[in-house]
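Visitor: Before I ask anything, here is the structure I am working with.
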Amino acid sequence: MRVSSIKFGTDGWRAVIAEDFTFANVARVAQATADFWKSEIQNPKSEIFGRQPRAVIGYDRRFFSDRFAQITAEVFAGNDFEVILTPEPTPTPTVSFAVKNLGAVGGVMITASHNPPIFNGFKLKSHFGGSSGPQECQAVENFLDRNPPQFRTPHSAFRTPHSAFRTQDIRPAHFAAIKRLVDFKLIARSKLRVAHDALFGVGAGVFETLLARTSCKVTTLNGKYDVLFGGICPEPLPKNYALGGAQLRRNPHDICLVTDGDSDRIGAMDGRGTPMTNQQVIALLLHHLVRNRGGRGAVTKTYNTTAMVDKMCAAWNLPLTEVGIGFRFIAPELMKPGALFGAEESGSVGFANHIPERDGLAAGLFLLEMLAMQKLSVNKIYTNLEKEFGPHRYARYDAHYPLEKRAALMEFLKASPPKKLLRSPLVKVDARDGVKFVAEDSTWLMLRGSGTEPVLRIYAEARSDADVQRLLTLGMSLLA
């Protein structure tokens, strides 16, 4: 297989299991990662210069994820790293937290996150506890096949004193950390009825653990260990909420939190199974951080995130930075002094004074804290936001689109934008990542290719659901 067949996308390397995502290729990428981190440890200009070579390896519930993680760990051990391997499927933010908390030079999470079940992936985590950036990912690609994979099992003799290979449950430290982010005592006595749709992912049972021995009643939905994820993609999108929604209509709760396959993204339904969009969840979280908790600081959003965030920041005099799509562009902003919050449309959110990483579990606790503080339904809280900032309705459609045609389509869209969106004249064309059309009335339509699949995403936001559907239809017509 050609080296060029392994390419890192917006969040690591992902491929189809048994086609490109094989034991041999995982070992190649693990060796390249080990070679890169060793070079950085020896580089006086590197932030990990002189550190002990320690790596954290975790994995999700996908087919053979445990085996891929084992091979990754054996390669790192073969390169004289101290290796900490999780003993069972573990959330991605837990691995990221452990990297920082344990002083590791980096981490690997074997997961394809929200992708279809046939995929698996190799997520790189840097020493600061967040996703590795484009330069680091490119460096790993550059190290591919410089050296053949070196293996060492837990029972092999180690060549250096710091070498070790052990399994460790890293979840308790992360769970304790996110409970400290909120007023957990308030949540504990709130008597909230909390549902959690795990979408068959690694988050199953986490909120039961977090809220054990409290007054809250917790019900886990779709928590079965199923490598096919119940026939859905484990992504927090309304189209994937049918199973959980049906259960909630039979057994209502106060809120239903939703996490993706590796629990780094957050979504939600109201207590009766009506889906909320991730854009609504983002607005609720920002409202809670500022209005309820008195937070101040810089907000960062990707440019496919709701315009309500812009209006909220303007009203509350908060600095707002807009970045390209992918949480790796948000993470550096969260590490700057004076940061508050970062979010992208996919349900990826991060918080200052935590790791610079998306954390669906922390976000879930903040939503519960909001309900405990305000003692209103989640629908009522969002309705009040729309009364203040205007209606913002949103939807996304994912269309299969050949990768080889994508570049030509993007050039066509930049060169031939529509003159208006619905009834409002076009005022901006933004082509930083995909192409986004923005109208005078803040209505917007965006087309962008997935970084991991042959999929073209069409995003739309307008003042009514009917207008959103009209925008999506316009977007589909542009693919012809």
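Visitor: Considering only strands (runs of 3 or more DSSP E) fully contained in the stretch 309-351, which possess at least 3 residues that are at pLDDT 95 or above and under 15 Å from the mean Cα position of the chain (by Cα)? Working first, answer last.
Guide: Details: elements: 320-323, 339-344, 348-351.
Strands (runs of 3 or more DSSP E) meeting the threshold: 339-344, 348-351.
Visitor: Just to verify a result, which residue in the stretch 125-160, among those that are open to solvent by 40 Å² or more (accessible area, probe 1.4 Å) and acidic (Asp, Glu), is modelled with the lowest pLDDT?
Guide: Among them, the one singled out is GLU136.
Visitor: Where residues in the stretch 288-308 are in contact with a helix residue (DSSP H, G or I) (Cβ under 6 Å, 6 or more places away or on another chain) and either in contact (Cβ under 8 Å) with a residue 60 or more places away in the chain or open to solvent by less than 10 Å² (accessible area, probe 1.4 Å) (or both), which of them is farthest from ASP441 (Cα to Cα)?
Guide: Among those that are in contact with a helix residue (DSSP H, G or I) (Cβ under 6 Å, 6 or more places away or on another chain) and either in contact (Cβ under 8 Å) with a residue 60 or more places away in the chain or open to solvent by less than 10 Å² (accessible area, probe 1.4 Å) (or both), it is ASN292.
Visitor: Among the numbered conditions (1) among the aliphatic types (A, V, I, L, M); (2) without any contact (Cβ under 8 Å) to a residue 40 or more places away in the chain; (3) open to solvent by less than 10 Å² (accessible area, probe 1.4 Å), tell me where VAL258 comes up short.
Guide: Tallying (1) among the aliphatic types (A, V, I, L, M); (2) without any contact (Cβ under 8 Å) to a residue 40 or more places away in the chain; (3) open to solvent by less than 10 Å² (accessible area, probe 1.4 Å), VAL258 fails exactly one: (2).
Visitor: Can you find even one residue in the stretch 352-361 that is at positive phi, surrounded by fewer than 20 Cβ atoms within 10 Å (Cβ to Cβ) and touching a residue at least 24 places away in the same chain (Cβ under 8 Å)?
Guide: As a first pass, look at the stretch 352-361 and keep what is at positive phi: 353.
Now drop any that are not surrounded by fewer than 20 Cβ atoms within 10 Å (Cβ to Cβ), which leaves 353.
This time we only want the ones that are touching a residue at least 24 places away in the same chain (Cβ under 8 Å), so: 353.
Among the residues of the stretch 352-361, at least one is at positive phi, surrounded by fewer than 20 Cβ atoms within 10 Å (Cβ to Cβ) and touching a residue at least 24 places away in the same chain (Cβ under 8 Å), which makes the answer yes.
Visitor: Only one of ALA407, ALA466, ALA480 is in a loop (DSSP other than H, G, I, E, B) and loosely packed, with under 13 Cβ neighbours inside 10 Å; which?
Guide: ALA480
Visitor: Another one. Just need a number here: residues in the stretch 422-463 that are assigned to a loop (DSSP other than H, G, I, E, B) and either open to solvent by 20 Å² or more (accessible area, probe 1.4 Å) or of a type in the set (Gly, Ala, Ser) (or both).
Guide: Of the residues in the stretch 422-463, 15 are assigned to a loop (DSSP other than H, G, I, E, B) and either open to solvent by 20 Å² or more (accessible area, probe 1.4 Å) or of a type in the set (Gly, Ala, Ser) (or both).
Visitor: Something else now. For the subset of the stretch 269-293 comprising residues that are among the polar types (S, T, N, Q) and within 21 Å of the chain's Cα centre (by Cα), which member is farthest from CYS313 (Cα to Cα)? Walk me through how you get there before you give the answer.
Guide: Kept after step one, since they are among the polar types (S, T, N, Q), are these residues of the stretch 269-293: 274, 277-280, 292.
Pick out the ones that are also within 21 Å of the chain's Cα centre (by Cα) and you get 277-280.
Values: THR277: 20, ASN278: 18, GLN279: 15, GLN280: 15 Å.
Looking at residues that are among the polar types (S, T, N, Q) and within 21 Å of the chain's Cα centre (by Cα), I get THR277.
Visitor: Quick one: what pairs do we get from the stretch 69-93, first residue at negative phi and small (Gly, Ala, Ser), second surrounded by fewer than 23 Cβ atoms within 10 Å (Cβ to Cβ) and not in a strand (DSSP E or B), C-beta under 6 Å, 6+ apart or different chains?
Guide: ALA77/ARG152; GLY78/GLN150; GLY78/PHE151; GLY78/ARG152
Visitor: Also: Give me a count of the residues in the stretch 66-84 that are under 22 Å from GLY205 (Cβ atoms) and open to solvent by 10 Å² or more (accessible area, probe 1.4 Å).
Guide: Going through the stretch 66-84 one residue at a time, the tally reaches 1.
The values are calculated or read from the model by the stated rules, or taken from the named source; none is laboratory data. Small disclaimer: the values here were computed from a predicted structure and weren't measured. Neighbour counts run over all protein chains shown; Cβ positions are idealised from the backbone, glycine included. To get the accessible areas, we keep the full protein, side chains included, count just its heavy atoms, and leave off ligands, DNA and RNA. Shrake-Rupley method; radii C 1.70, N 1.55, O 1.52, S 1.80 Å.
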